[in-house]
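J.: What follows is a structure written as structure tokens; I'll ask about it next.
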Amino acid sequence: MRLALLTITTCLSAMPAVAQITAAEYWAHLQATTGATGRAEPQAKGLRVQDVVVQGGGVRIEAPVLLLTETAKGLELRGPDGALVELDEWMFDGASYTRAAFRVDMPDQVSTITGDDVTALRYDFSTPKMVMALTELAGAPVAGDSFVLSISNATGHFAPQAGTDEFAANLDQVEVAQSATTGPSTHNFRLMLSDLALEAQYNIPQAAMPSGQTAAEAIAAGLVMDMSFSAAGGQASFAEETPVETTIATVGLGAVGFELGMGPKGFSLDQSAKGLSLALDHQTEDPEQDPVMIAVGGADYQVQMAAPLEALDELERQDGSFPPGVSMGVDLALRDLLLSVGPKETPLADFEIKTSGAKLAIDDTALDMSAQLAGAAFQGNMGDLGETVALQAAEAGFSLLFPVNTVDEPAPFQIGYKTVGLTLSDPIWDLLDAAKLFPRDPINIDFAMDNIITLRAPLAELDRYDVDKGDMPVELNAVKLTTLLLSGLGVKVTGTGAADLDYSEVMTTSDIPKGDGKFSFDLLGINGLFDKLEQGGFLSSDELMGARMGLMMFAKSAGEGDHMTSEVELREGRVYLNGMLMR
């Protein structure tokens, strides 16, 4: 296929000239480099070549006519309109075929070839319209709409240079359509992209081609690849129908971008999309399956990767290490997500999120990841109970920052979790609390810590340590509880605090380091919670006795009502609980 594309590109190409190649010289060049055959007839200022055939590498191209005309701007090439392209092997509808044939129509296609060195010609092409349609599979004719590639208003240039080839093109629209029927089943696929721009500079020498080479070895052999792709928008659709199932999916494509670099500086990748959307509807008459509907109102994402040349070999060893200079980042945002399972009129379950997002960034210093959502709602049918249950959360999320390769040096370790405004519908509450003992107010959880730790080994090697045997690969140097909030069931717990830990003089009674700091906690409604747990039979009196005694040791009364406070202080190697020396 690569030879076919290069040959068609060559036939589409063009170039501004100083001294310019003649029609005879260019035809001789094609014959020498591609093995092309054909009947060349001299014309005024050029050649008319009929019955052109190019064959090699599993590809055969037949073109009725090529017109080569020498002009003041360069050698003008018209054609190949009505060309036949045959491939020895091609994948179609999930199967591999031993032969496929396509018809390529390019009316009014013009290329200008400039330059006097056949090894460094420049091709400037203009193709108002190109249609490439599948006509045969395994020697049998196929319907005209089985596979069609259409391109509108393509302009650009192709310039082979010494050491590096250059290609650039702008296209108003590209459309791919595929239709297939297998027995009683049919499926159709269509992809359309608008306002495309492609640029590439590359050099792929034979020495860089053998399989088994690492990326660093291929680059050392001369491999260079810098390319970019962008599209302003588009749409993809898929439809499949069987005797019992129908699936229809539509993906809206916003701005899409892709950049890839590989060469002496290493490897880089930047892929992004904005304004994506999805609508999927799967209906079935199979009693073992449920209908499914998925919709995404909007989505943005970006993926970035970078690795210097000296780190590529280390990455390919796949030993879990993260070499210096290597980085990876993923950023995802979703809006108006809806998942529905079951019949449209009486769905079994609906899940909805107004906004959500996730981020992941990792380099040779730290792993930084987070996820959050807002406006989450779930509604489902409890089946035999005939009840509809619902859960809602105004906000939820988590975050984690952890060192990667920083060994024997203090580094940040942050962790957080949040759920705000979690509500349960009455049927769920009735299952949990039939006697209605507990308030049914929204539940809130907010927890965040900003710590300092010292790794004794890289993150990828921590699983080699046996913590149960006291083999601890992580040293906690400082603890900071920035946020603690637990509320719900008539209880509210808050807390903050910080402490530094000193390992220079480990306490003799244990392996616990000396600490210096204080933590404060405020507790409302804890005793009332214990009373209701006993009243509802969730815990027995004996089970609660230990909990009450532990609470009395940890916290003290803060005045009237069910209000308690607690203060834990680390000072001069001692631990004080509410002012009392514990150790």
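The values are calculated or read from the model by the stated rules, or taken from the named source; none is laboratory data. Not measured: the values here are computed from a predicted model. Neighbour counts run over all protein chains shown; Cβ positions are idealised from the backbone, glycine included. With ligands, DNA and RNA removed, areas are computed over all heavy atoms of the protein, side chains included. Shrake-Rupley method; radii C 1.70, N 1.55, O 1.52, S 1.80 Å.
J.: Just to check your reading of the model, which residue among GLY139, GLY79, GLY74, GLY94 is modelled with pLDDT under 85 and crowded, with 17+ Cβ neighbours inside 10 Å?
T.: Among GLY139, GLY79, GLY74, GLY94, only GLY79 is modelled with pLDDT under 85 and crowded, with 17+ Cβ neighbours inside 10 Å.
J.: From the list SER111, SER146, SER152, which residue is surrounded by fewer than 16 Cβ atoms within 10 Å (Cβ to Cβ) and either of a type in the set (Ser, Thr, Tyr) or out of contact with any Ser or Thr (no Cβ under 6 Å at 6 or more places or on another chain) (or both)?
T.: Result: SER152 is the single residue among SER111, SER146, SER152 that is surrounded by fewer than 16 Cβ atoms within 10 Å (Cβ to Cβ) and either of a type in the set (Ser, Thr, Tyr) or out of contact with any Ser or Thr (no Cβ under 6 Å at 6 or more places or on another chain) (or both).
J.: Let me confirm something: among GLN173, GLN206, GLN161, which residue is of a type in the set (S, T, N, Q), within 27 Å of the chain's Cα centre (by Cα) and open to solvent by 50 Å² or more (accessible area, probe 1.4 Å)?
T.: Just one listed residue meets the conditions, GLN173.
J.: Does any residue in segment 524-535 that is farther than 12 Å from VAL493 by Cα come within less than 9 Å, Cβ to Cβ, of a residue that is open to solvent by 30 Å² or more (accessible area, probe 1.4 Å) and hydroxyl-bearing (Ser, Thr, Tyr) six or more places away or on a different chain, and which pairs are these?
T.: Partner pairs satisfying both residue conditions: GLU534/SER540; GLU534/SER541.
J.: Quickly run through segment 254-268 and pick out the residues that are closer than 15 Å to LEU193 by Cα and open to solvent by 40 Å² or more (accessible area, probe 1.4 Å).
T.: ALA255, PHE258 - these are the residues of segment 254-268 that are closer than 15 Å to LEU193 by Cα and open to solvent by 40 Å² or more (accessible area, probe 1.4 Å).
J.: Applying the selection to segment 358-372, what residues are at pLDDT 95 or above and surrounded by 18 or more Cβ atoms within 10 Å (Cβ to Cβ)?
T.: ASP368
J.: Looking at segment 176-186, which of its residues are over 26 Å from the mean Cα position of the chain (by Cα), part of a strand (DSSP E or B) and in contact (Cβ under 8 Å) with a residue 12 or more places away in the chain?
T.: Residues satisfying the conditions are SER179, ALA180, THR182, SER185, THR186.
J.: Condition check: open to solvent by 50 Å² or more (accessible area, probe 1.4 Å), under 30 Å from VAL292 (Cβ atoms), among the aromatic types (Phe, Trp, Tyr) and free of Cβ contacts under 8 Å to residues at least 60 places away in the same chain. Does PHE238 satisfy that?
T.: yes
J.: How do the pairs read when you match residues in segment 188-216 that are in contact (Cβ under 8 Å) with a residue 40 or more places away in the chain with residues anywhere that are assigned to a loop (DSSP other than H, G, I, E, B) and surrounded by fewer than 15 Cβ atoms within 10 Å (Cβ to Cβ), using Cβ under 6 Å and keeping only pairs 6 or more apart or on different chains?
T.: That search, which allows pairs on different chains as well, returns ASN203/GLY163.
J.: Taking the conditions exactly as written (at pLDDT 95 or above and open to solvent by 40 Å² or more (accessible area, probe 1.4 Å)), does VAL420 satisfy them or not?
T.: yes
J.: Oh, and also: Just the residues that are open to solvent by 60 Å² or more (accessible area, probe 1.4 Å) and not acidic (Asp, Glu), please, taken from segment 331-357.
T.: Result: LEU332, ARG335, LEU338, LEU339, LYS344, THR346, LEU348, PHE351, LYS354, THR355.
J.: Could you name every one of the strands (runs of 3 or more DSSP E) located completely within segment 457-565 that has at least 1 residues being within 30 Å of LEU432 (Cβ to Cβ) and aromatic (Phe, Trp, Tyr)?
T.: On the way: elements: 474-488, 491-502, 514-524.
Hits in segment 457-565: 514-524.
J.: Restricting the search to segment 213-235, which residues are open to solvent by less than 70 Å² (accessible area, probe 1.4 Å), under 24 Å from PRO160 (Cβ atoms) and more than 24 Å from the chain's Cα centre (by Cα)?
T.: Scanning segment 213-235 gives GLN213, ALA218, ILE219, ALA221, GLY222, LEU223, VAL224.
J.: Same structure again: Answer yes or no: is there a residue in segment 522-537 that is touching a strand residue (DSSP E or B) at 6+ places or on another chain (Cβ under 8 Å), more than 22 Å from ASP441 (Cβ to Cβ) and modelled with pLDDT of 95 or more.
T.: Checked against the condition, which is being touching a strand residue (DSSP E or B) at 6+ places or on another chain (Cβ under 8 Å), more than 22 Å from ASP441 (Cβ to Cβ) and modelled with pLDDT of 95 or more, segment 522-537 yields no hits at all.
J.: Let me ask something else about it. If I go through segment 279-309 residue by residue, how many of them are of a type in the set (Asp, Glu), assigned to a strand (DSSP E or B) and either open to solvent by 50 Å² or more (accessible area, probe 1.4 Å) or in contact with a helix residue (DSSP H, G or I) (Cβ under 6 Å, 6 or more places away or on another chain) (or both)?
T.: Going through segment 279-309 one residue at a time, the tally reaches 0.
J.: Name the residues in segment 62-71 that are open to solvent by less than 50 Å² (accessible area, probe 1.4 Å) and over 19 Å from ARG122 (Cβ atoms), would you?
T.: ALA63, VAL65
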